[in-house]
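The values are calculated or read from the model by the stated rules, or taken from the named source; none is laboratory data. Nothing here was measured: the structure is a model prediction, and the numbers come from that model. Methodologically, a virtual Cβ is constructed for each residue, glycine included, from the backbone with ideal geometry; neighbour enumeration extends over all protein chains shown.
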Amino acid sequence: MKFKTRHYDFIIVGSGVAGLSFALGTKDLKGLTIARSSLTRTNTNLAQGGIAAAVGEGDSPELHLEDTLRAGAGLCDRAAVEVLVNEAPEAIRRLVDMGASFDRRPDGSFDLSREGAHSRRRVLHARGYETGKEVQETLLKSVKKIGIELGAGFFCLDLVVDNGRVTGIWAWDENNGELHCILAPIVMLATGGCGELYLYTTNSWLSGGDGFSIAYRAGAVIRDPEMIQFHPTALFLPGYPEGEPLPLITEALRGDGAALHNAAGEQFMLRYHPDGELAPRDITTLAIFTEMEKEKSNCVFLDVSGVEAFPERFPYIYEECIRNGITPGKDKIPVTPAMHYSMGGIKTDIDGHAALPGLYAAGEVSSTGVHGANRLASNSLLEGLVFGDRAAKAAVRDFPRMPKPETPGEYLSFPSEGVPSEETLLEIKKNIRRLLWSNAGIVRSEESLCNALSELDRMEQLFESEKNIFDPALVPLNYSVRNALTMSKLIATGAYNRRESRGAHKRCDFPEPVSPEGKHTELVVNKPVPEPIG
């Protein structure tokens, strides 16, 4: 198929916190930032709770480090965590200098919250827990000022690889139905996670694991894909449209006195952890799951009657509840766990370099080692800020030594012979969501994971065998299903191979960790799956 060719110094795929932070650090180069939908339709924009940083009285990067390592259940890379916590205060200062307005106390100090597994109040928030929107708008406004080209409606289909080096991307222009070969010696993937692959999720519908999958196909190392974090408290709404993100109920509420009750009305968290409502996310999620199973209920309940000035301090949650017939304080809020964050991803060093020369990654799509087996609450926006900036500085240093990309002859993987029908593609996506939720969800087993892998093989065969007349309108859906199948198999394979329970990865047939310090799962295309852990 014919394609248009464009040349830049760098390309950023993704317009959330990591991608925009990278853009700001590469302002002296000629760059392009693309987004699948609008530039603001990101998980960054959906983030509620805030950004963790040791900026309060009585806090320190050392304490932030200890909390992050403890939550990470023996799988964190200490050097990466040290970078994260030590550079956090400066990352906040940069945001404030750009115009970000965080909530403050009457004396002018930051109004800091405490969330699960934090030993101090260190979570900055904005707009009454619409922190992500404030960060997204601040960064995007700053990027527009420096003249980096922005493109909405572009879907990255694959990486261009020449002699083992990434030299650009193949992208589909959904605005005009055209194929583009966008060449640059620096390609930054900041595509977010894979929450769209689960039946219950807090993620944007655009988080289908695309970045993981295209990097894997090109030869990057995918590390710990099985480490999926389920947020303990999403608003449970019977009859909510399948696949739509559930409204998040920030755990800052529990830091301010909200309590979890089961269907029988019992407050139960102290049975599972001495910190009760402020236990780490993996423990809270499993406790809620266990109580739901025991009570045969679809949800548990959050009592916010003890939270002071709830409507003013948590306006987004209050409005969502009222819109759905729930009066917080008078009524308990029904909540359920939902897929929230991918702790694994494209393996990188602390400067964003992936295993393939020319490829960089940051944010949720990457695996720097900071989150380990269980991300500490509100470290995600921080990771995008810190490591997006570090990757930019590394890219600027690397740029003078990089060869100029050459235009490839053709795109051999483009499905010009035809794609499955829209009905088949949508059915595969629906079945993936249900399959992963029930077989590779909060609790897993060898039987459930074998079943998942078998069903994914069957879906993959259907996807590859059914070819209809080529329809340009189906190109994005076709590739998103292809990526969803790839990422789902990575999750299930990693989970099958990890024969232990560690952090967010719970195996009912292997309920204990193998050792205090964990080992990483690393998967590479066309290479044998490593020996099981445990």
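Of all residue pairs spaced 6 or more apart or on separate chains, those with beta-carbon atoms under 8 Å, a first member in region 486-506 that is within 18 Å of A73 (Cβ to Cβ) and a second member that is among the hydroxyl-bearing types (S, T, Y) are G494/T521; N497/T521; R498/T521; A504/T285.
Within region 168-179, the only residue that satisfies the criterion of being at pLDDT 95 or above and either in contact with an Asp or Glu (Cβ under 6 Å, 6 or more places away or on another chain) or of a type in the set (S, T, N, Q) (or both) is W170. Checking every residue in region 203-216 against the condition of being farther than 21 Å from K347 by Cα and crowded, with 21+ Cβ neighbours inside 10 Å gives at least one match. As a summary of the residue check, H7 satisfies the conditions (1) more than 25 Å from the chain's Cα centre (by Cα); (2) without any contact (Cβ under 8 Å) to a residue 40 or more places away in the chain except for the one numbered (2). Restricting attention to region 19-40 and to residues that are basic (K, R) and surrounded by fewer than 18 Cβ atoms within 10 Å (Cβ to Cβ), the residue that is farthest from L477 (Cα to Cα) turns out to be K27. Residues that are over 24 Å from the mean Cα position of the chain (by Cα), of a type in the set (A, V, I, L, M) and not assigned by TED's automatic domain parsing to the domain that holds L286 are absent from region 489-511 altogether.
Here no strands (runs of 3 or more DSSP E) wholly within region 1-94 include at least 1 residues being modelled with pLDDT under 95 and touching an Asp or Glu at 6+ places or on another chain (Cβ under 6 Å). The residue that is surrounded by the most Cβ atoms within 10 Å (Cβ to Cβ), counting only those in region 237-263 that are modelled with pLDDT of 95 or more and over 18 Å from A377 (Cβ atoms), is N262. Would you mention how many residues in region 306-362 are part of a helix (DSSP H, G or I) and either at pLDDT 95 or above or buried (at least 18 other Cβ atoms within 10 Å of the Cβ) (or both)? Residues meeting the conditions: 7.
Residue pairs whose Cβ atoms lie under 7 Å apart, separated by 6 or more positions or on different chains, with the first residue in region 209-233 and within 30 Å of V304 (Cα to Cα) and of a type in the set (F, W, Y) and the second assigned to a loop (DSSP other than H, G, I, E, B) and at pLDDT 95 or above, are F230/I442; F230/A504. Checking A152, A79, A117 one by one, the residue that is aliphatic (A, V, I, L, M) and buried (at least 19 other Cβ atoms within 10 Å of the Cβ) is A117 and no other. Scanning region 363-413 for residues that are over 14 Å from M343 (Cα atoms), of a type in the set (G, A, S) and not in a helix (DSSP H, G or I) returns G409, S413. Would a scan of region 295-302 turn up a residue that is in a loop (DSSP other than H, G, I, E, B), buried (at least 19 other Cβ atoms within 10 Å of the Cβ), at pLDDT below 95 and not aliphatic (A, V, I, L, M)? No, region 295-302 contains no residue that is in a loop (DSSP other than H, G, I, E, B), buried (at least 19 other Cβ atoms within 10 Å of the Cβ), at pLDDT below 95 and not aliphatic (A, V, I, L, M).
Output the residues belonging to region 41-70 that are in contact with a strand residue (DSSP E or B) (Cβ under 9 Å, 6 or more places away or on another chain), closer than 23 Å to L206 by Cβ and among the hydroxyl-bearing types (S, T, Y).
T42 - this is the single residue of region 41-70 that is in contact with a strand residue (DSSP E or B) (Cβ under 9 Å, 6 or more places away or on another chain), closer than 23 Å to L206 by Cβ and among the hydroxyl-bearing types (S, T, Y).
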